[in-house]
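Undergrad: Take a look at the following structure, please.
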Amino acid sequence: MKTTTNATGPGGDVRLAGISKTYGSFTAVHPLDLTVPQGSFFALLGASGCGKTTTLRMIAGLEEPSAGTVHLGDQDVTALPPYKRPVNTVFQSYALFPHLDIFENVAFGLRRRGVKSVKKQVEEMLDLVQLGEQARKKPHQLSGGQQQRVAVARALINHPKVLLLDEPLGALDLKLRRQMQLELKRIQTEVGITFVHVTHDQEEAMTMADTVAVMNGGRVEQLGAPADLYENPRTTFVANFLGTSNLIEAEVGARDGDDLVVKAAGDKLLLPAGRCSAPAGTGGKVLVGVRPEKIGIAHADEAGAVPEGRNRLTGTIAATSFIGVSTQYVVDCEACPGVEVYVQNIDRDPRLVPGADVVLHWNPAHTFGLDAAQDIDAGLAEEEAAR
Amino acid sequence: MAFVNWLKRNLVVIAGLLTLGYLLLPNVVVTVFSFNKPNGRFNYTWQRFSTDAWKDPCGVAGMCDSLALSLQIALWATLGATALGTMIAFALVRYRFRARGAVNSLIFLPMAMPEVVMAASLLTLFLNMGARLGFWTVLIAHIMFCLSFVVIAVKARVMSMDPRLEQAAQDLYAGPFQTFVRVTLPIAAPGIAAGALLAFALSFDDFIITNFNAGSTVTFPMFVWGSAQRGTPVQINVIGTAMFVVAVLFVLVSMAVGNRRKRRVA
Amino acid sequence: MTLTEAPAPPAPAAPPPAARPRRRGRFTPYWLLLPGILWLLVFFALPMVYQASTSVQTGSLEEGYEVTWHVAAYWDALSGYWPQFLRSVAYAAAATTLCLLLGYPLAYLIAFRAGRWRNLIMILVIAPFFTSFLIRTLAWKTILADGGPVVGALNALHVLDVTGWLGWTAGDRVLATPLAVVCGLTYNFLPFMILPLYSSLERIDGRLHEAAGDLYARPVTTFRKVTFPLSMPGVVSGTLLTFIPATGDYVNADLLGSADTRMVGNVIQTQFLRVLDYPTAAALSFVLMAAILVMVTFYIRKSGTEDLV
């Protein structure tokens, strides 16, 4: 796609400065500063009602911010109506014009800007999304996946500085969604346009985006690369909403080199000080977190075989479920009931059945610490709803 | 026993078809009697077959004039009511404003009012204003009572329209006017057409309100009414039959065209 | 006619601090409403006011009328024409009931049993609309003619004996009797019953019938407990769309009835167009309007369906 390079020259950054949106007494988006660098794939992730769509619509110009400014590169577009912004949107459920065929849908933006000969461009674009054959069909004659590609083509053909995607894959089934995720990623790499993608699906956000902003209650909870967010959540919301976390209430004890020694119901655990986002004074409370797949599980009889230096908890298996690639255990420990453990099915120990006493162990480097003043269950309900 | 079971299962179908027969019986009678050659002035009893009336449909003094007048009034009333009604429907669906409840009531009341009440009160107004009864007073009245029906038909369609479509148009560089012309209007078109068709039928067939406000102007329904007192010419049945056939053909053809288009693109 | 409004965010309470000159179209709705609403105000609402004022005027056509707050017209209207009022309500109620009984099976048939005939039957229900209703009403004169096949059949089955005893028919005649008028009213307003019934039946998920059957409901019970309650909105708006115009109708009573079947519409028409007694006619029409509004309000409350039309 050579044609796009000139339109997406320097200045494709999206800069939001102190942007907020209130409806009466309800604040949908709290004042927010955000910069999306040119050419990146940026995801706004959160449950419904977290303000992510409102943020997107303020960039598109479909919603007027109550305060703050929107810049595209050096241009202040805050006061521009949507039809004057060099930004295009792939709408939730696509919003394809039902009375126009696929060709005319894709040509719509070009024609509105007075482009005379649209045929070649539209055909190229339809080829890019592999829909050349369908040009003369009406939207309702296409499958969901095809409609989705038309929506992308209709937006991309205008060479916007930024492409906004509002839950673009929400209406597709799981298999197609996976396929389209890769497809969208391919197109983004190919055209090099900045993508801002709104989704409630954490897996989708992590698969596709370079940078993810997790939103909750109209604020950005945390922003970073997917792996960073996953490994180092800084709030209980992020820890629970992105994947699953075991959060254990503990008391901070002495410091041991770079590690903090914390006590959880008699068990001593090590927590790297650098991975603790909480103020960790001695005697203070802290939430110790560890991801289920980082934990090893051993039958109590084998406790001696667990290497030294690992964090340990003892408990009893409450439930197991066999998933195929892995087995998931729920283990009740004194420090924390209901610890989740995912173990790959390489060598299954037949003794690990409900009721069995076990030792859980993990590398202290995989432990993270969170401020205990937060709601330990934040994000759980949202994650449930997002599924 | 098998027959009783069959009857039980199809009772609702039989009852429904009987009702359908009841609905269509007068149309059959109208058609049959358009080939009658009555003895007296009234065309109520069958005498003998004749195609005289079909050969000379305008042979009755004043009838075709009244038909032309009715068509003319219906056309203008449809235009007026559709334009005004569509505007109201858009305002109701797309904007929030004060006095919304009052506007809704004002739309609803004419439909919940017996025609004779509207007819009588409108006549009172015209008499008080000293207006001359005729074409214009009839047209005013027809636009008035067709308006609400257009609003309902258009509103239903606009309400079911995804607001994202208009946002998508705006996002794709269409200004407010372009958005309206290129997206809103084409999508709302079926609703507007339905409203217009309804308005045309209502206006063309209206008798009660016209009877009060027409003065000495004679529309087709008024001609029929008058002939019920003076003597019913067979030509009335010819016109009635022709209207029925044209209406059914119109619907069938538009359906066939729709089907063909669907099949061609599929 | 409560309307289902899409829930929209409440408007910002105060102009936001960074308000820009992009408050597009604050007055647009008013401009859109203006011509149509003005039309309705001037030619629908204002006449009602005029009519109310006329009903309390005295005078004559030659000397002109004057508002005297003379309520005699109302007294005349009610004392002189109460039989016509009662008759109108009775005929309209009978016609509405018949419409419901006849229309329901047909609406049900179109919604659930018609299959590929659905469109055709739909057309046949609507198409008569396009033939002048006066012509079609006149056809009933032929159908119910004295000594005609219909009257003959009813006679042979002794139906006319029963209806005659009830006072619905007179002797060997059907024409010029209450039965003929009710029959004409039923016929004229039947489509107004069928269409709303159909549109509410059509919305019912066919699987509900299967579910009811699965849960041990016999067909009759399924209808009573599932189908009929779900079609209530259609029943309510259908009965209103039939009852209201039927009460005010005078065409059927005039064409198919006799002096003994005059309805309030006939009285209003004669007073207005022949006798030229405007105050009495205005009072009559005002009373009719008030009566209908009261009945309709009561009915809507009672049936608990506020969202019609």
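Undergrad: Have a look at C:Leu195, C:Leu208, C:Leu215 and point out the one that is surrounded by fewer than 24 Cβ atoms within 10 Å (Cβ to Cβ) and within 18 Å of the chain's Cα centre (by Cα). Steps first, answer last, please.
TA: Numbers: C:Leu208 fails: within 18 Å of the chain's Cα centre (by Cα); C:Leu215 fails: within 18 Å of the chain's Cα centre (by Cα).
Residue meeting the stated conditions: C:Leu195.
Undergrad: On to the next question. Identify, please: which residue in the stretch B:129-178 is touching a Ser or Thr at 6+ places or on another chain (Cβ under 9 Å) and among the small types (Gly, Ala, Ser) and is, among those, farthest from the other protein chains (Cβ to nearest Cβ)?
TA: B:Gly134
Undergrad: Is it the case that C:Ala281 is aliphatic (A, V, I, L, M), more than 21 Å from C:Leu102 (Cβ to Cβ), surrounded by fewer than 20 Cβ atoms within 10 Å (Cβ to Cβ) and free of Cβ contacts under 8 Å to residues at least 60 places away in the same chain? Outline the logic, then answer.
TA: Working: aliphatic (A, V, I, L, M): yes; more than 21 Å from C:Leu102 (Cβ to Cβ): yes; surrounded by fewer than 20 Cβ atoms within 10 Å (Cβ to Cβ): no; free of Cβ contacts under 8 Å to residues at least 60 places away in the same chain: yes.
Taking the combined requirement at face value, the residue does not satisfy it.
Undergrad: OK, next. In the set A:Gly304, A:Gly355, A:Gly369, which member is in contact (Cβ under 8 Å) with a residue 24 or more places away in the chain, surrounded by fewer than 14 Cβ atoms within 10 Å (Cβ to Cβ) and not hydroxyl-bearing (Ser, Thr, Tyr)?
TA: Details: A:Gly304 fails: in contact (Cβ under 8 Å) with a residue 24 or more places away in the chain; A:Gly369 fails: surrounded by fewer than 14 Cβ atoms within 10 Å (Cβ to Cβ).
Result: A:Gly355 is the single residue among A:Gly304, A:Gly355, A:Gly369 that is in contact (Cβ under 8 Å) with a residue 24 or more places away in the chain, surrounded by fewer than 14 Cβ atoms within 10 Å (Cβ to Cβ) and not hydroxyl-bearing (Ser, Thr, Tyr).
Undergrad: Out of the residues in the stretch A:180-205 meeting the condition of being hydrophobic (A, V, I, L, M, F, W, C) and in contact (Cβ under 8 Å) with a residue 60 or more places away in the chain, tell me which one is nearest to A:Gly170 (Cα to Cα). Outline the logic, then answer.
TA: So the first thing to find is which residues in the stretch A:180-205 are hydrophobic (A, V, I, L, M, F, W, C), and the list is A:180, A:182, A:184, A:187, A:191, A:193, A:195-196, A:198, A:205.
Within this subset, residues satisfying the condition of being in contact (Cβ under 8 Å) with a residue 60 or more places away in the chain are A:191, A:193, A:195-196, A:198, A:205.
Values: A:Val191: 23, A:Ile193: 22, A:Phe195: 17, A:Val196: 15, A:Val198: 10, A:Ala205: 12 Å.
The qualifying residue nearest to A:Gly170 (Cα to Cα) is A:Val198.
Undergrad: In addition: Can you confirm whether B:Val257 is surrounded by fewer than 22 Cβ atoms within 10 Å (Cβ to Cβ) and in a helix (DSSP H, G or I)? Give the derivation first.
TA: Values: surrounded by fewer than 22 Cβ atoms within 10 Å (Cβ to Cβ): yes; in a helix (DSSP H, G or I): yes.
Yes, satisfied.
A quick yes/no check of all residues on (1) within 17 Å of A:Ala213 (Cβ to Cβ); (2) buried (at least 21 other Cβ atoms within 10 Å of the Cβ):
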position: A:Pro31; (1), (2): yes, no
position: A:Ser40; (1), (2): yes, no
position: A:Leu44; (1), (2): yes, yes
position: A:Thr55; (1), (2): yes, yes
position: A:Glu64; (1), (2): no, no
position: A:Gly68; (1), (2): yes, no
position: A:Asp74; (1), (2): no, no
position: A:Pro81; (1), (2): no, no
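Undergrad: Just to be sure, is B:Ile143 within 18 Å of the chain's Cα centre (by Cα), in a helix (DSSP H, G or I), surrounded by fewer than 24 Cβ atoms within 10 Å (Cβ to Cβ) and in contact (Cβ under 8 Å) with a residue 40 or more places away in the chain? Walk me through it before giving the result.
TA: On the way: within 18 Å of the chain's Cα centre (by Cα): yes; in a helix (DSSP H, G or I): yes; surrounded by fewer than 24 Cβ atoms within 10 Å (Cβ to Cβ): no; in contact (Cβ under 8 Å) with a residue 40 or more places away in the chain: yes.
Criteria not met by B:Ile143.
Undergrad: Still on this structure, I have one more. Can you tell me how many residues in the stretch C:76-134 are in contact with a Pro (Cβ under 9 Å, 6 or more places away or on another chain) and either surrounded by fewer than 22 Cβ atoms within 10 Å (Cβ to Cβ) or at the interface with chain B (Cβ under 9 Å from one of its Cβ atoms) (or both)?
TA: 14
Undergrad: Then there's this: Being away from every other protein chain (no Cβ under 13 Å) and either under 25 Å from the mean Cα position of the chain (by Cα) or without any contact (Cβ under 8 Å) to a residue 24 or more places away in the chain (or both) is the requirement here; does C:Gly171 meet it? Talk me through it step by step, then tell me what you get.
TA: Values: away from every other protein chain (no Cβ under 13 Å): yes; either under 25 Å from the mean Cα position of the chain (by Cα) or without any contact (Cβ under 8 Å) to a residue 24 or more places away in the chain (or both): yes.
Yes, satisfied.
Undergrad: With the checklist (1) more than 10 Å from chain B (Cβ to nearest Cβ); (2) without any contact (Cβ under 8 Å) to a residue 40 or more places away in the chain; (3) within 30 Å of B:Gln229 (Cβ to Cβ) in hand, flag the one item C:Phe272 doesn't pass.
TA: Every condition holds for C:Phe272 apart from (1).
Undergrad: If we scan the stretch A:305-317, do we find a residue that is farther than 18 Å from A:Leu242 by Cα, touching a Lys or Arg at 6+ places or on another chain (Cβ under 8 Å) and part of a loop (DSSP other than H, G, I, E, B)? Explain how you work it out, then say what you get.
TA: Pass one, the stretch A:305-317, residues farther than 18 Å from A:Leu242 by Cα: A:305-317.
When the remaining residues are screened for being touching a Lys or Arg at 6+ places or on another chain (Cβ under 8 Å), the result is A:306.
Cutting the leftovers down to part of a loop (DSSP other than H, G, I, E, B) gives us A:306.
Yes, the stretch A:305-317 contains at least one residue that is farther than 18 Å from A:Leu242 by Cα, touching a Lys or Arg at 6+ places or on another chain (Cβ under 8 Å) and part of a loop (DSSP other than H, G, I, E, B).
Undergrad: Being closer than 20 Å to A:Ala373 by Cα and modelled with pLDDT of 90 or more: is that true of A:Val339 here? Write out each step before concluding.
TA: Numbers: closer than 20 Å to A:Ala373 by Cα: no; modelled with pLDDT of 90 or more: yes.
When the stated conditions are applied, A:Val339 does not pass them.
Undergrad: Within the stretch A:103-146, how many residues turn out to be among the polar types (S, T, N, Q), more than 17 Å from A:Val90 (Cβ to Cβ) and free of Cβ contacts under 8 Å to residues at least 12 places away in the same chain?
TA: Restricting attention to the stretch A:103-146, the residues satisfying the condition of being among the polar types (S, T, N, Q) are A:105, A:117, A:121, A:130, A:134, A:141, A:143, A:146.
Restricting the remaining residues to those that are more than 17 Å from A:Val90 (Cβ to Cβ) gives A:117, A:121, A:134, A:141.
This time we only want the ones that are free of Cβ contacts under 8 Å to residues at least 12 places away in the same chain, so: A:117, A:141.
Residues meeting the conditions: 2.
Undergrad: Restricting to the stretch B:179-221, give me the number of residues that are within 11 Å of chain A (Cβ to nearest Cβ) and surrounded by 17 or more Cβ atoms within 10 Å (Cβ to Cβ).
TA: Counting residues in the stretch B:179-221 that are within 11 Å of chain A (Cβ to nearest Cβ) and surrounded by 17 or more Cβ atoms within 10 Å (Cβ to Cβ) gives 6.
Undergrad: So which helices (runs of 4 or more DSSP H) are wholly in the stretch A:19-133 and hold at least 2 residues that are more than 13 Å from chain B (Cβ to nearest Cβ)? Break it down stepwise before answering.
TA: On the way: elements: A:52-60, A:102-112, A:119-128.
Correct list: A:52-60, A:119-128.
Undergrad: While we're looking at this one, here's another question. Regarding the stretch B:23-32, can at least one residue be identified that is within 13 Å of chain C (Cβ to nearest Cβ), in contact (Cβ under 8 Å) with a residue 60 or more places away in the chain and within 19 Å of C:Leu106 (Cβ to Cβ)? First the steps, then the outcome.
TA: As a first pass, look at the stretch B:23-32 and keep what is within 13 Å of chain C (Cβ to nearest Cβ): B:23-32.
Adding the requirement that they be in contact (Cβ under 8 Å) with a residue 60 or more places away in the chain leaves B:27, B:30-31.
Subsequent filtering for residues that are within 19 Å of C:Leu106 (Cβ to Cβ) retains B:27.
Yes, there is a match, as at least one residue in the stretch B:23-32 is within 13 Å of chain C (Cβ to nearest Cβ), in contact (Cβ under 8 Å) with a residue 60 or more places away in the chain and within 19 Å of C:Leu106 (Cβ to Cβ).
Undergrad: Out of everything in the stretch A:141-176 that is surrounded by fewer than 21 Cβ atoms within 10 Å (Cβ to Cβ) and within 19 Å of the chain's Cα centre (by Cα), what residue ends up being modelled with the lowest pLDDT?
TA: Checked the stretch A:141-176; the qualifying residue modelled with the lowest pLDDT is A:Ala171.
Undergrad: Any residue that is buried (at least 24 other Cβ atoms within 10 Å of the Cβ) and of a type in the set (A, V, I, L, M, F, W, C) - is there at least one of those in the stretch B:63-77?
TA: Step one: list which residues in the stretch B:63-77 are buried (at least 24 other Cβ atoms within 10 Å of the Cβ), which gives B:73, B:77.
Filter once more, so that each one left must be of a type in the set (A, V, I, L, M, F, W, C): B:73, B:77.
Yes, the stretch B:63-77 has at least one match.
Undergrad: Looking at C:Thr261, is it touching a residue at least 60 places away in the same chain (Cβ under 8 Å), crowded, with 23+ Cβ neighbours inside 10 Å and among the hydroxyl-bearing types (Ser, Thr, Tyr)? Even if it seems obvious, please write down each step before you answer.
TA: Details: touching a residue at least 60 places away in the same chain (Cβ under 8 Å): yes; crowded, with 23+ Cβ neighbours inside 10 Å: no; among the hydroxyl-bearing types (Ser, Thr, Tyr): yes.
Spelling it out, it is not the case that C:Thr261 is touching a residue at least 60 places away in the same chain (Cβ under 8 Å), crowded, with 23+ Cβ neighbours inside 10 Å and among the hydroxyl-bearing types (Ser, Thr, Tyr).
Undergrad: Moving to a separate point now. Looking only at the stretch C:135-150, how many residues end up being in contact with a strand residue (DSSP E or B) (Cβ under 9 Å, 6 or more places away or on another chain) and buried (at least 21 other Cβ atoms within 10 Å of the Cβ)? First the steps, then the outcome.
TA: Going residue by residue through the stretch C:135-150, those that are in contact with a strand residue (DSSP E or B) (Cβ under 9 Å, 6 or more places away or on another chain) are C:144, C:146.
Next, from what is left, pick out any that are buried (at least 21 other Cβ atoms within 10 Å of the Cβ): C:144.
The qualifying residues number 1.
Undergrad: Identify all residues within the stretch C:129-173 that are among the aromatic types (Phe, Trp, Tyr) and assigned to a loop (DSSP other than H, G, I, E, B); write none if there are none.
TA: Within the stretch C:129-173, C:Trp168 is the sole residue that qualifies.
Undergrad: Would you check which residues across the stretch B:86-114 are crowded, with 24+ Cβ neighbours inside 10 Å, touching a residue at least 40 places away in the same chain (Cβ under 8 Å) and within 7 Å of chain C (Cβ to nearest Cβ) and list them?
TA: Answer for the stretch B:86-114, where residues must be crowded, with 24+ Cβ neighbours inside 10 Å, touching a residue at least 40 places away in the same chain (Cβ under 8 Å) and within 7 Å of chain C (Cβ to nearest Cβ): just B:Ile88.
Undergrad: Moving on to the next point. Restricting the stretch C:218-243 to residues that are among the aliphatic types (A, V, I, L, M) and without any contact (Cβ under 8 Å) to a residue 60 or more places away in the chain, which is surrounded by the fewest Cβ atoms within 10 Å (Cβ to Cβ)? Write out each step before concluding.
TA: We begin by selecting, within the stretch C:218-243, every residue among the aliphatic types (A, V, I, L, M); these are C:220, C:226, C:230, C:232, C:235-236, C:240-241.
From the residues that got through so far, the ones that are without any contact (Cβ under 8 Å) to a residue 60 or more places away in the chain too are C:220, C:226, C:230, C:241.
On the way: C:Val220: 8, C:Val226: 18, C:Leu230: 15, C:Leu241: 22.
Result: C:Val220.
Undergrad: Here's a follow-up. Looking for whichever is under 29 Å from C:Val236 (Cα atoms), assigned to a helix (DSSP H, G or I), modelled with pLDDT of 95 or more and not hydroxyl-bearing (Ser, Thr, Tyr) here; the options are B:Leu84, B:Leu75. Which one fits?
TA: Values: B:Leu75 fails: under 29 Å from C:Val236 (Cα atoms).
Result: B:Leu84 is the single residue among B:Leu84, B:Leu75 that is under 29 Å from C:Val236 (Cα atoms), assigned to a helix (DSSP H, G or I), modelled with pLDDT of 95 or more and not hydroxyl-bearing (Ser, Thr, Tyr).
Undergrad: Then there's this: Considering only the stretch A:93-102, state which residues are out of contact with any His (no Cβ under 9 Å at 6 or more places or on another chain) and either surrounded by 19 or more Cβ atoms within 10 Å (Cβ to Cβ) or free of Cβ contacts under 8 Å to residues at least 60 places away in the same chain (or both). Spell out how you get there, then give the answer.
TA: Taking the stretch A:93-102 as the starting set, the residues that turn out to be out of contact with any His (no Cβ under 9 Å at 6 or more places or on another chain) are A:93-95, A:97, A:99-102.
Scanning the stretch A:93-102 gives A:Tyr94, A:Ala95, A:Phe97, A:His99, A:Leu100, A:Asp101, A:Ile102.
The values are calculated or read from the model by the stated rules, or taken from the named source; none is laboratory data. In this text, all values refer to a predicted model and were calculated from it rather than measured experimentally. Virtual Cβ from ideal backbone geometry, glycine too; neighbours counted across all protein chains shown.
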